[in-house]
Amino acid sequence: MVKIIHKKEISSTNTWSKENIFDLDDRTIVVADKQTSGRGRFARKWISENSDNIYMSFILKPVKTNQSFEHLPLANLTQYLAVCVLEVLETYNIKSQLKWPNDILVNGKKISGILAELVIKNGQFTGLVLGLGLNLNMSDEDLKQIDKPATAINLETGYKVNKDKVLKEIIDKFFENYENFLEKGFMSIRDKYLRHFYLLNEIVKINFEFNFVEGRIIDVDEKGILILQTLNGEMQEISVGDIL
Ligand code: BTN
């Protein structure tokens with residue numbers, strides 16, 4: 001059973017969910033109209049003043065207390081959510097691409113971002129907070145506030161979309177194959193992920209382990225790890241990083 005908690009304004013749905021993780025059931029969704037301190041990956045800011053956009057977090061507790069969680073594809077849940085969002089966008093006739101690991105772009109412009117935070121207390125898995133920001137209805141003025149190319153559903157379709165409807169579509173899509181994904185992992189979405197993979201065979205610069213690495217994107221392996229051929233020809237596996 002999915003439970004939805006709606007907040008008018010909070011610091012961040014991820015922060016709030018982490019603070020209240022013990023009181024939140026598995027499959028709780030926290031949605032906010034606005035966030036005062038919306039966060040992105042690598043401590044970036046996620047501007048969250050437009051209540052027409054989606055700011056939400058999934059609270060997931062697929063592990064019982066005292067059970068190990070290493071066998072679960074928790075790190076890949078961000079990629080799974082990205083594919084779900086891509087599929088919802090397809091229903092609006094929007095073709096999007098996935099920028100490793102989990103950004104969603106339309107013609108090179110970002111429409112959605114995902115921030116996952118694992119909560120572990122005293123060595124025990126307490127929950128996973130999977131935050132999603134999705135631009136639904138934005139004006140040119142809104143776009144000017146964002147320092148990178150961005151877009152929104154309305155800008156791609158030419159009409160305003162209903163937020164409650166899109167929210168429901170995302171939640172339904174996510175839970176439709178969630179159990180299967182937990183069991184089978186990244187391989188269950190790899191084909192779809194690769195079909196929409198952004199920057200394949202391109203030379204990129206990646207922010208990796210407090211350093212930069214440059215090379216050609218070759219593949220995403222069966223665990224969702226990026227395979228990069230560095231400029232000296234070596235293959236490098238990148239599990240956490242940011243393509244600049
Ligand atoms: C990124 O692209 O860097 C990730 C952006 C994630 C933004 C969402 S909005 C809802 C949730 N709460 C946050 O503070 N961040 C995520």
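Every test in (1) within 18 Å of Arg27 (Cβ to Cβ); (2) out of contact with any helix residue (DSSP H, G or I) (no Cβ under 7 Å at 6 or more places or on another chain) is passed by Leu128 save one, and that test is (2).
Scan the stretch 145-162 and give yes if some residue there is over 26 Å from Leu130 (Cβ atoms), without any contact (Cβ under 8 Å) to a residue 60 or more places away in the chain and of a type outside the set (D, E, K, R), otherwise no. Checked the stretch 145-162: at least one residue is over 26 Å from Leu130 (Cβ atoms), without any contact (Cβ under 8 Å) to a residue 60 or more places away in the chain and of a type outside the set (D, E, K, R).
Conditions tested, residue by residue: (1) under 18 Å from Met1 (Cα atoms); (2) assigned to a helix (DSSP H, G or I); (3) out of contact with any strand residue (DSSP E or B) (no Cβ under 9 Å at 6 or more places or on another chain); (4) without any contact (Cβ under 8 Å) to a residue 60 or more places away in the chain.
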{"site": "Gly133", "(1), (2), (3), (4)": "no, no, no, no"}
{"site": "Met138", "(1), (2), (3), (4)": "no, no, no, no"}
{"site": "Glu141", "(1), (2), (3), (4)": "no, yes, yes, yes"}
{"site": "Asn180", "(1), (2), (3), (4)": "yes, yes, yes, yes"}
{"site": "Gly185", "(1), (2), (3), (4)": "no, yes, yes, no"}
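Go through the stretch 149-178 and report how many residues are touching a helix residue (DSSP H, G or I) at 6+ places or on another chain (Cβ under 6 Å) and either charged (D, E, K, R) or part of a helix (DSSP H, G or I) (or both). Going through the stretch 149-178 one residue at a time, the tally reaches 5. Which one is surrounded by the fewest Cβ atoms within 10 Å (Cβ to Cβ) among residues in the stretch 55-83 that are over 17 Å from Phe175 (Cα atoms) and either in contact with a helix residue (DSSP H, G or I) (Cβ under 6 Å, 6 or more places away or on another chain) or among the acidic types (Asp, Glu) (or both)? Among those that are over 17 Å from Phe175 (Cα atoms) and either in contact with a helix residue (DSSP H, G or I) (Cβ under 6 Å, 6 or more places away or on another chain) or among the acidic types (Asp, Glu) (or both), it is Glu70.
Conditions tested, residue by residue: (1) under 16 Å from Ala82 (Cα atoms); (2) part of a loop (DSSP other than H, G, I, E, B); (3) modelled with pLDDT of 95 or more.
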position	(1), (2), (3)
Tyr193	yes, no, yes
Phe212	no, no, no
Gly215	no, no, yes
Gly233	no, yes, no
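Only residues that are buried (at least 21 other Cβ atoms within 10 Å of the Cβ) and near the ligand (Cβ under 10 Å from one of its atoms) were counted across the stretch 108-153, and they come to 11.
The values are calculated or read from the model by the stated rules, or taken from the named source; none is laboratory data. All of these numbers come straight from a predicted model, not from anything done at the bench. Methodologically, a virtual Cβ is constructed for each residue, glycine included, from the backbone with ideal geometry; neighbour enumeration extends over all protein chains shown.
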